[in-house]
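Asks: Attaching a single structure in structure tokens format; questions to follow.
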Amino acid sequence: MSDKSSDKQNGLTNDPQELLQAKHAADKQKQQFTNFARSVSGDTPTDQGQVSADSHHEPDQQNHMKDQENRMM
């Protein structure tokens, strides 16, 4: 048995079209899961310690200081 036939049997490929199709299928499955999870959880708040990216706009003092330090170099 050749390596290519065993790769095909295992679902492995280097064909760009097959890889793209597999990526689209995986993306679709992820989106379906995300939609399901959101429908089940509703508008529950984020877990403690998590920060929603769209509502977090506090300036980070350490990053600001590092930015200034980098500009001086």
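Read-outs: derived from the displayed coordinates by stated rules, not from any lab. For clarity, every value in this text was computed on a predicted model and none was experimentally measured. Backbone-built Cβ (ideal geometry, glycine too); neighbour counts: all protein chains shown.
Asks: Starting at the first residue of segment 28-42, write each ³J(HN,Hα) from the Karplus equation 6.51 cos²θ - 1.76 cosθ + 1.60 with θ = phi - 60°, in whole Hz, x for Gly and Pro.
Replies: 5, 5, 4, 5, 4, 5, 4, 4, 4, 4, 5, 5, 6, 7, x
Asks: Could you check the spin-label model distance between residue 65 and residue 33? Points 7 Å from the Cα along Cα→Cβ, value in nm.
Replies: 4.0
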